[in-house]
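Peer 1: First the structure, which I've put down as structure tokens, then a few questions once you've had a look.
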Amino acid sequence: MATPNSFLNTPTKTPTTTTSISKKHSHKQQHSSDPNRSVSEFKDRFEAYNRLQAAAVAFGEKLPIPEIVAIGGQSDGKSSLLEALLGFRFNVREVEMGTRRPLILQMVHDPSALEPRCRFQEEDSEEYGSPIVLASAIADAIKLRTESLLKKTRDAVSSKPIVMRAEYAHCPNLTIIDTPGFVLKAKKGEPERTPEEILSMVKSLASPPHRIILFLQQSSVEWCSSLWLDTIREIDPSFRRTVIVVSKFDNRLKEFTERWEVDRYLSASGYLGENTRPFFVALPKDRGTISNDEFRRQISQVDAEMLHYLRDSVKGGFDEEKYRSNIGFGCLRDFLEAELQRRYKEAAPATLALLEQRCGEVTAELARMECKINATSDVAHLRKSAMLHAASLCNHVEALIDGAADPAPEQWGKTTEEERLESGIGSWPSVTAEIKPPNATLRLYGGAAFERVMHEFRCATYSIKCPPVSREKVANILLAHTGRGGGRGITEAAAEIARAAARSWLAPLLDTACDRLAFVLENLFDISIEKNRGHDSNNGHRSVDMEGYIGFHAALRQSYNHFMKDLSKECKQLLRHHLDSVTSPYSHVCYENNFIGSIGSGTSPIYQLNQATTGPLCLELSDGGAALRKEAMKDQENMPPEKNTQETTPGKVTQNREALRECQMTVPETPSPDQPSDGNYGIKRELGNCVEVGARKRHPRIAGNARNCGQNGESILFGNGDNISRPVSTYAEICSSAAQHFARIREVLVERSVASTLNSGFLTPCRERLFVALGLNLFAVNDEKFMDMFVAPGAIDSLENERQSLQKRQKILHSCLNEFKSVARAL
């Protein structure tokens, strides 16, 4: 059985597993002259690193402390090796099968501890709990801590370690990080990705170059078929910092009968490289309840039995000079302790310098925290900080409007459908077609989302056609224009219908566009806050720390949203003004195409749009008008036919005769489906031409006008004086003309007014007036009202807690620094 002092002795022969391992001869010789001093220095250095490691775990410090990371599969004997190093059993194998967190075992050799004293470091603290005397309770504590954390994080594994300090007279001064064992398949009840998550976590733990990798693989596995050796090669390709351990070596011994067989196996040539020498260990298989002393005696007995077999049962023995220092658990234990101590000594100067740097950083951070706490009651400082924060927010809003891809649009952007749902606006009013603008499925924000909504508005607007108008509405509008004189009855009626439709159908679309654009800009508040955080973290500091002031952030958000709503309201008013302008009776928008078309033809636009002569009371737009027209046709049967040729007096010009007839004719003014449209006649109103329409026969002059009607009794509009024209009713002509006017009004409004108004009404104020508006709302107040936004007891308490944590961290780091200074002086 090994004595307590034997745990501190270095091996008699140095294995040459790696380049770093080969340096151990000089390390041993340096301290061999004074063993007592060597033991004392080792212990002081080990304690200093243990305290530093505990502080690093508690405060999340990333310190390059030399550490050993144990890696292996669940059946490769890693748990038994850890128990052997501790010198007592605590059912760690059962823990390994269930734990999903790393376990940092800090083994402290204490000759006065005749029974093991184990304590667990408290979560998120450098303090240790009460000692656990009962060994069986250790496994329960590890399981409880693991399950409690995973329940909070809802993960299958966690890289946050459990720290256990074991003080015992029969354990070495050694620290090992035990990792969850590799598995090929998840256990029942675990997520399917558990094996991949364990592999990823173990790789991250073993990757730092200051850590020694202790890789275990049982002897029954051939090197060429090793499952996890390739994983080790990914982390440490040359095995420079890897110690390979072949476990359960006693199971393989029976296969060796010749010396060359043993030497060939022990060399592992062709698989691990010439300079890599694995350790070969075996441990007791008896898992029954035995005392700690018996457990350690069995470990020593297994080592002796392996050497006895290799020396006596194998013909020719084995190359003891080359391989003796690599066989047996005792050799591995002594090597690990000595190697860790050597690395501690080599890392001491760099660790001391890093500690001094960390202490300086913590001191500076503590000073800044003091300033923050003092600033909570300093009105001038708060005003300055709040202004800088608001200015930073406005700058980020402007950058997002101009185009940005940070923060990630995949996370912060929205699709068109998400904008519709989250804004609560839904679809475009009166639009039945499905509007899908380009890039509708992409997540956009800022200027890109603004332009997409603009395009969506154009698509929605152009999808609307002039709505159908009832005959009653046409009759009311057209008859109202009858008594006003002039010759543009149909034109004015169609234009009035188009203007009314535009006001009714386009106004809701304009309002919806303003609301959607305001929603896009309101979303930039949260994105700008996130962008501000990312900008500060990338610079390594916070330019203005306003975290915790809930009242200020609420007031800032409210003022920002109020500004956007005001912009939306202003834009709605401007767009309504433009809509009223293009739909005004004094606007020539409806006639622009006609004027342009009449320039080349020389024809008056009045004649193009008014080519019908009607009587004011003969208008009939109802569906029953066909019966009256049929009756009028019957009345013409007894009328003498009108000559198609005009008689002219010799010597007279036909044109003069024709001109005379035009000025002498009396033509009714109001268009009617019962009367023709003839472009060769001007319009002249003559009083007394109104004829009562009843059961009596119509006046022959009025009845005679029916000759210009088509076969179906429909009025011929837009004719050229030729009776052979397509039959078109006045109602259909007015609806067609109204649709053209509506399209023209829509085009002029959208192309000439909407885009420029929305850009100047939303984007320009965000660039030029946002900060001024926020400043007037938030800072143009007296100090008492201003400080109401900063009454945040929670924020002050948070700062106080952070200061206490920094003070505690500063104390621990200064204590570690002083210890390392003492260690450095003893080197």
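Peer 1: Identify, by number, the condition in (1) surrounded by 17 or more Cβ atoms within 10 Å (Cβ to Cβ); (2) at pLDDT 85 or above that Ala795 doesn't meet.
Peer 2: (2)
Peer 1: Please name all residue pairs, on different chains or six or more residues apart, with Cβ atoms under 9 Å, provided the first residue is in the range 170-197 and is farther than 22 Å from Lys160 by Cα and the second residue is part of a loop (DSSP other than H, G, I, E, B) and of a type in the set (Val, Ile, Thr).
Peer 2: Pairs found: His170/Thr3.
Peer 1: Quick one: which strands (runs of 3 or more DSSP E) lie wholly within the range 105-209 and hold at least 1 residues that are of a type in the set (Val, Ile, Thr) and in contact with a Pro (Cβ under 9 Å, 6 or more places away or on another chain)?
Peer 2: 162-168, 174-178
Peer 1: For the range 380-403, give me the residue count where each residue is open to solvent by 40 Å² or more (accessible area, probe 1.4 Å) and either closer than 16 Å to Arg533 by Cβ or of a type in the set (A, V, I, L, M, F, W, C) (or both).
Peer 2: 4
Peer 1: Here's another thing I want to ask about it. May I ask you to verify whether Ile596 is modelled with pLDDT under 95 and either of a type in the set (D, E, K, R) or not assigned by the TED database to the domain that holds Glu398 (or both)?
Peer 2: Spelling it out, Ile596 is indeed modelled with pLDDT under 95 and either of a type in the set (D, E, K, R) or not assigned by the TED database to the domain that holds Glu398 (or both).
Peer 1: Further question on the same structure: Hey, among the residues in the range 249-269 that are out of contact with any Ser or Thr (no Cβ under 9 Å at 6 or more places or on another chain) and among the small types (Gly, Ala, Ser), which one's most open to solvent (accessible area, probe 1.4 Å)?
Peer 2: Ser269
Peer 1: Return yes when Glu751 is in a helix (DSSP H, G or I) and under 30 Å from Ala507 (Cα atoms) and no when it is not.
Peer 2: yes
Peer 1: Looking at the range 753-768 only, could you name the residues that are in contact (Cβ under 8 Å) with a residue 12 or more places away in the chain and surrounded by fewer than 18 Cβ atoms within 10 Å (Cβ to Cβ)?
Peer 2: Ala755, Arg767
Peer 1: If you check Leu86 against the conditions, is it aliphatic (A, V, I, L, M), at pLDDT 80 or above and either open to solvent by 40 Å² or more (accessible area, probe 1.4 Å) or out of contact with any helix residue (DSSP H, G or I) (no Cβ under 9 Å at 6 or more places or on another chain) (or both)?
Peer 2: no
Peer 1: With respect to Glu456, is the statement that it is in contact (Cβ under 8 Å) with a residue 24 or more places away in the chain and part of a helix (DSSP H, G or I) true?
Peer 2: Judged against the criteria, Glu456 is a match.
Peer 1: Same structure again: Of all residues in the range 210-220, how many are part of a loop (DSSP other than H, G, I, E, B) and touching a residue at least 40 places away in the same chain (Cβ under 8 Å)? First the steps, then the outcome.
Peer 2: So the first thing to find is which residues in the range 210-220 are part of a loop (DSSP other than H, G, I, E, B), and the list is 210, 219-220.
Then drop every residue that is not touching a residue at least 40 places away in the same chain (Cβ under 8 Å), which leaves 210, 219.
Going through the range 210-220 one residue at a time, the tally reaches 2.
Peer 1: Taking the range 270-317 as the search range and keeping residues that are aromatic (Phe, Trp, Tyr), within 59 Å of the chain's Cα centre (by Cα) and open to solvent by less than 70 Å² (accessible area, probe 1.4 Å), which one is modelled with the lowest pLDDT?
Peer 2: Here the answer is Phe295.
Peer 1: Let me ask something else. Would you check which residues across the range 257-269 are modelled with pLDDT of 90 or more and of a type in the set (Phe, Trp, Tyr) and list them?
Peer 2: The one that is modelled with pLDDT of 90 or more and of a type in the set (Phe, Trp, Tyr): Trp260.
Peer 1: Now for a different question. Considering only residues that are closer than 13 Å to Thr179 by Cβ and at pLDDT below 85, which ones fall in the range 74-83?
Peer 2: Gln74, Asp76, Lys78, Ser79
Peer 1: Next question. Can you name the number of the only condition in (1) at pLDDT 90 or above; (2) of a type in the set (S, T, N, Q); (3) open to solvent by 50 Å² or more (accessible area, probe 1.4 Å) that Thr461 fails?
Peer 2: Of everything listed in (1) at pLDDT 90 or above; (2) of a type in the set (S, T, N, Q); (3) open to solvent by 50 Å² or more (accessible area, probe 1.4 Å), Thr461 misses just condition (3).
The values are calculated or read from the model by the stated rules, or taken from the named source; none is laboratory data. The shown structure was predicted, so the numbers you read here are calculated from the model rather than taken from an experiment. Reconstructed Cβ throughout: ideal geometry from the backbone, glycine too, with neighbour counts over all protein chains shown. What goes into the accessible areas is simple: the full protein's heavy atoms, side chains included, and nothing from ligands, DNA or RNA. Shrake-Rupley method; radii C 1.70, N 1.55, O 1.52, S 1.80 Å.
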